[in-house]
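Remarks on the structure that follows.
The values are calculated or read from the model by the stated rules, or taken from the named source; none is laboratory data. Bear in mind the structure is a predicted one, so any value in this text is a computation, not a measurement. With ideal geometry, Cβ positions are generated from the backbone for all residues, glycine too; neighbour counts draw on all protein chains shown.
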Amino acid sequence: MSQAAAAVETGIHAEHHEDLNFLHKYILPLDHKIIAMQYIFTGMIMAIIGGYFAYAFRMQLAFPGELVPGYGLVGPGEYNMLVTNHGTIMIFWVAMPVLIAGFGNYLIPLMIGCDDMVFPRINRLSYQIFLVSALVLILSFFVKGGGFGGAWTAYPPLSSVAEYNLTDWGSSLWVLAVALEFISFLLGGINFVTTAMNARAPGMKMMDIPIAVWFIVIAVILFMASVGPLIAGAVMLFMDQRIGTTFFLPSGGGDPLLWEHLFWFFGHPEVYVVLLPTLGIVADIITVFSRKKLFGYKTVLYTAFATGGLSFVVWAHHQFIAGIDPRMANIFVVTTVLISIPLAEMMFSYIATLYGGSIELKTPMLWALSFLAAFLIGGVTGIYLGASALDVYFHDSYFVLAHFHYTFFPITIIGMFAALTFWFPKMFGRMMNETLGKIHFWGTFIPFNCIFLPLFFLGLAGQHRRIYNYQHFPDLATQELQNIRIFATVSLVVMLLFQLVFVYNFFVSMFKGEKAPDNPWRANTLEWSTSSPPPHGNFKKLPTVYRGAYEYSTPGREEDFWPQNVAPE
Amino acid sequence: MIEYFILSASSFSGDIDNLFLVITLIIGFWFILVFGALVYFTLKFRRKDGVKAEYITGEKHSETKWTHYPHYAVIAMDVVIIAANIIVWVNIKQTLPPKDNLIRVIGQQWSWSFVDAGPDGVLDTADDITTVNDLHVKVDETYHFELQARDVIHNFSVPVFRLRQDALPGRTIKGWFKPTNTGSFDIQCAEMCGYGHGIMGGAITVHTKESYDETIVQIKNGTYESHYQKRMGTKTPLPSNTSHTEGHNSFAVLLASIF
């Protein structure tokens, strides 16, 4: 056997698949599965911080001026810091690392039947930079003046001039952390695309790749194509802050609108960057638990490409009334509303997948279906905001806030729980407790709606965002509106308490749960063909692929699934 | 629907409310249809012993029509939404109806200044009337405003007029409104503008001709009492529950106590 053939037989990176000590296995790993866990656990710790911030500022809104138990007083500057960093953390340090970096790392090599990422050392470096970026962000809360409080969109001159934001180093460290985080994901992204395109198992054609992998790859491509302008913008902002340039300062010939364009040119594709991985994960879960082939695999794939492409030409819908030429708004209304076309088609395909199925409502399936239901509300309310004339009223109101929490909460939190409960047996070799899983599901999903549905009505009543105490606005200080705020806050506290059920279930199942078989859900994709958890190197023998990922209930077969790697008789 | 939650008090607020209603009807239809299908399929196609799921690829024409026909309907309704929106938008933001009065609105950290051009209709002349956090306008007259910001980005927002417009430092942005109801209403700053963003408000008072003249006389002879202060009543507009420096440190103190 020649050397090259031997490499194919045992995997490309055979040299580092020996047993490793603790340091090299868990702290400085090259194994994509351990790196994925690092991302997921870091993301979950950041989610706890972000949730804690939400708790603190929601308590202040419901009971203004009172001491928040477990936090203390929330003053105006601190309120700004809390909402700013809640948004920053939840998008950049929870959604991105858990869904793209975490599950991307875990799923791509396993689902395409390869032994590791093609650049394992870049992969490790990517996580290390990510960890540094998270530490820099946390450090920014403690420097003199406190953390940055200029909203996660960081519009200059507020963000660029220390006299305006009063958080001199807080804002600089914030920009630095965000820039570092982007570098980390750029490194990771190169790795993901290269691996998915070049390291697929023999026989796996483009149209045999599971949707989850496809969507992560599309998301990464969107990210890499859109992040350039923002990194440039972040460097300019940092220079404005620290060495006195005036890129965004009108008194020095700069223009604050420039930042808005750079930021939203990235910021809107970013929405689809975090959305697509969850949509992919949900597609895989609903096919498994309804024992159905995905309805129109190619259509779903092409709609994702169309959505990704369109997402590059809609950014100014965040700026309809920001002082851009009003005629420009008409163009962006058209492109924005057009996004409903591919996404509606995708939604129809997902729901058509359920038709004629044999649906089992296991915990991951409940999460996946609830994602579709909640995201539907987020999607249709987006139409209001795509209409520029309504933006004249809704800009920076609670209607916007409720809308994007109905997209980001399903994407980030529901998507994360769907993926974790679905792949938990593979990750840790044990099953999670179903009953606790369902209690946690209902204890999260019902309060989630109780938090955010009422906020739509606050938005309709004219409540604007990022205000630490509505008592200063007589039209908004009525008792009816205050009752809505209290209701939302109480729902949030209930939802946060139910997360303890998940934490308990997660850790107890990890060590004491029932042992998981290799393929507990009787699924087709390649990760279920290896042991649970997979060994370092993933497969004892690299698989060969014979068919697409969604051959469920194929006529003429006794079993209702047909794994991709099983040779035809 | 919006008018159920908040008064509609300008000439274009009704258009915005109607546009909201049109879009609500369209997307309400889709929402009920899609949500209904989701719930119905989930309930109807639950697993039964011995019953296998159907094998549907979704690639044959007889199958794809179930997603394609609704898809075409979505396109048609998108066209309706876009057309309705552009009509309203052009009316509010792209056209300036002939003016009766001219004002200048200046946002700064953290208050609003208003300059009324006065009877001669020209700004920066001796008959200008300057007020802070307090804007007085006449009902049923068209106002043009010139919006400016002194330091950071602000947003001039009057919810009862359905009016929001960013104020950018270094630019003057023109716009208009025409009040249709008398009364005193909130002015907000609807763009994060720093530490005092939460207290940056004001009051707009829409007068009849007589009460407007009366107020102007009061402003000129100094017997005027700010409507903004009156509306705030006992509530102080200053951040009352913490001092500037305390606020920044309590999170640090808390975490420090953990480690």
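So that you can scan it fast, the table gives a plain yes or no per residue for (1) within 23 Å of residue A:404 (Cβ to Cβ); (2) assigned to a helix (DSSP H, G or I):
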site	(1), (2)
A:36	no, yes
A:50	yes, yes
A:58	yes, yes
A:61	yes, yes
A:66	no, no
A:144	no, no
Checklist outcome for this item: Checked pairs for the stretch A:427-446, first closer than 20 Å to residue A:40 by Cα, second of a type in the set (Lys, Arg), C-beta under 7 Å and 6 or more apart or across chains, list as A:429/A:515; A:430/A:515
Checklist entry - When you go through (1) in contact (Cβ under 8 Å) with a residue 12 or more places away in the chain; (2) over 19 Å from the mean Cα position of the chain (by Cα) one by one for residue A:164, which number turns out not to apply? => result (1)
Item to check | Among residues of the stretch B:190-211, those that are assigned to a helix (DSSP H, G or I), over 18 Å from residue A:155 (Cα atoms) and within 7 Å of another protein chain (Cβ to nearest Cβ), counted | outcome: 1
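Being of a type in the set (Gly, Ala, Ser), within 30 Å of residue B:47 (Cβ to Cβ) and part of a helix (DSSP H, G or I) narrows it down to one of A:267, A:280, so name that one.
Numbers: A:267 fails: within 30 Å of residue B:47 (Cβ to Cβ).
Within the list A:267, A:280, the selection yields A:280.
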Checklist entry - Which of (1) at the interface with chain A (Cβ under 7 Å from one of its Cβ atoms); (2) at pLDDT below 95 does residue B:41 not meet, given it meets every other one? => result (2)
Checklist entry - For residues in the stretch B:176-189 being in contact with a Ser or Thr (Cβ under 7 Å, 6 or more places away or on another chain) and either in a helix (DSSP H, G or I) or more than 16 Å from residue B:113 (Cα to Cα) (or both), which is nearest to the other protein chains (Cβ to nearest Cβ)? => result B:184
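Please verify whether the stretch B:76-86 includes one or more residues that are touching a residue at least 60 places away in the same chain (Cβ under 8 Å), under 28 Å from residue A:382 (Cα atoms) and either more than 8 Å from every other protein chain (Cβ to nearest Cβ) or part of a helix (DSSP H, G or I) (or both).
In the first step, residues of the stretch B:76-86 are kept if they are touching a residue at least 60 places away in the same chain (Cβ under 8 Å); the result is B:84-85.
Within this subset, residues satisfying the condition of being under 28 Å from residue A:382 (Cα atoms) are B:84-85.
Checking the rest, the ones that are also either more than 8 Å from every other protein chain (Cβ to nearest Cβ) or part of a helix (DSSP H, G or I) (or both) come to B:84-85.
Looking through the stretch B:76-86, at least one residue is touching a residue at least 60 places away in the same chain (Cβ under 8 Å), under 28 Å from residue A:382 (Cα atoms) and either more than 8 Å from every other protein chain (Cβ to nearest Cβ) or part of a helix (DSSP H, G or I) (or both).
Just to check your reading of the model, which residue among A:230, A:279 is out of contact with any Gly (no Cβ under 7 Å at 6 or more places or on another chain), over 29 Å from residue A:418 (Cα atoms), surrounded by 19 or more Cβ atoms within 10 Å (Cβ to Cβ) and not polar (S, T, N, Q)? Give the derivation first.
Values: A:279 fails: over 29 Å from residue A:418 (Cα atoms).
Unique residue meeting the criteria: A:230.
So that you can scan it fast, the table gives a plain yes or no per residue for (1) within 14 Å of chain B (Cβ to nearest Cβ); (2) over 19 Å from residue A:106 (Cα atoms); (3) among the hydroxyl-bearing types (Ser, Thr, Tyr):
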residue	(1), (2), (3)
A:513	no, yes, no
A:517	no, no, no
A:531	no, no, yes
A:536	no, no, no
A:539	no, no, no
A:542	no, no, no
A:547	yes, yes, no
A:554	yes, yes, yes
Checklist entry - Since residue A:465 meets every condition but one in (1) over 25 Å from residue A:425 (Cα atoms); (2) buried (at least 21 other Cβ atoms within 10 Å of the Cβ), which condition does it not meet? => result (2)
Checklist entry - Restricting attention to the stretch A:1-45, which residues are more than 28 Å from residue A:503 (Cβ to Cβ), in contact with a Lys or Arg (Cβ under 9 Å, 6 or more places away or on another chain) and modelled with pLDDT of 50 or more? => result A:19, A:30
Item to check | Those residues of the stretch B:18-32 which are within 18 Å of the chain's Cα centre (by Cα) and more than 9 Å from chain A (Cβ to nearest Cβ), in sequence order | outcome: B:18, B:21
Checklist outcome for this item: Scanning the stretch A:543-559 residue by residue, those modelled with pLDDT of 90 or more and either of a type in the set (A, V, I, L, M, F, W, C) or in a loop (DSSP other than H, G, I, E, B) (or both) turn out to be A:543, A:544, A:545, A:546, A:547, A:548, A:549, A:550, A:551, A:553, A:554, A:555
Checklist entry - What pairs can you find where one residue is in the stretch B:144-170 and more than 9 Å from chain A (Cβ to nearest Cβ) and in contact (Cβ under 8 Å) with a residue 12 or more places away in the chain, the other is in a loop (DSSP other than H, G, I, E, B) and of a type in the set (Asp, Glu), and their Cβ atoms are less than 9 Å apart, with a gap of 6+ or different chains? => result B:144/B:100; B:154/B:191
Checklist outcome for this item: Per the list (1) within 11 Å of chain B (Cβ to nearest Cβ); (2) surrounded by fewer than 21 Cβ atoms within 10 Å (Cβ to Cβ); (3) aliphatic (A, V, I, L, M), residue check on residue A:431 breaks on (1)
Next on the checklist: Here is a check on your reading of the model: is residue B:8 part of a loop (DSSP other than H, G, I, E, B) and either more than 9 Å from chain A (Cβ to nearest Cβ) or hydroxyl-bearing (Ser, Thr, Tyr) (or both)?
Outcome noted: yes
Checklist entry - Does the stretch A:156-175 contain any residue that is more than 14 Å from chain B (Cβ to nearest Cβ), in contact with a Phe, Trp or Tyr (Cβ under 7 Å, 6 or more places away or on another chain) and at pLDDT 90 or above? => result yes
Checklist entry - Among the candidates B:106, B:173, which residue alone is among the aliphatic types (A, V, I, L, M) and either free of Cβ contacts under 8 Å to residues at least 12 places away in the same chain or more than 10 Å from chain A (Cβ to nearest Cβ) (or both)? => result B:106
Checklist outcome for this item: Note on the stretch A:494-525: residues surrounded by 17 or more Cβ atoms within 10 Å (Cβ to Cβ) and assigned to a helix (DSSP H, G or I) are A:495, A:496, A:498, A:499, A:501, A:502, A:505, A:506, A:509
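If you go through the stretch B:45-69 one residue at a time, how many are facing chain A (nearest Cβ under 9 Å) and not aliphatic (A, V, I, L, M)?
Residues that pass the stated criteria total 15.
Rundown of residues vs (1) within 9 Å of chain B (Cβ to nearest Cβ); (2) outside any helix (DSSP H, G or I), yes/no style:
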residue: A:336; (1), (2): no, no
residue: A:341; (1), (2): yes, no
residue: A:345; (1), (2): yes, no
residue: A:348; (1), (2): yes, no
residue: A:351; (1), (2): yes, no
residue: A:357; (1), (2): yes, yes
residue: A:366; (1), (2): no, no
residue: A:370; (1), (2): no, no
residue: A:373; (1), (2): yes, no
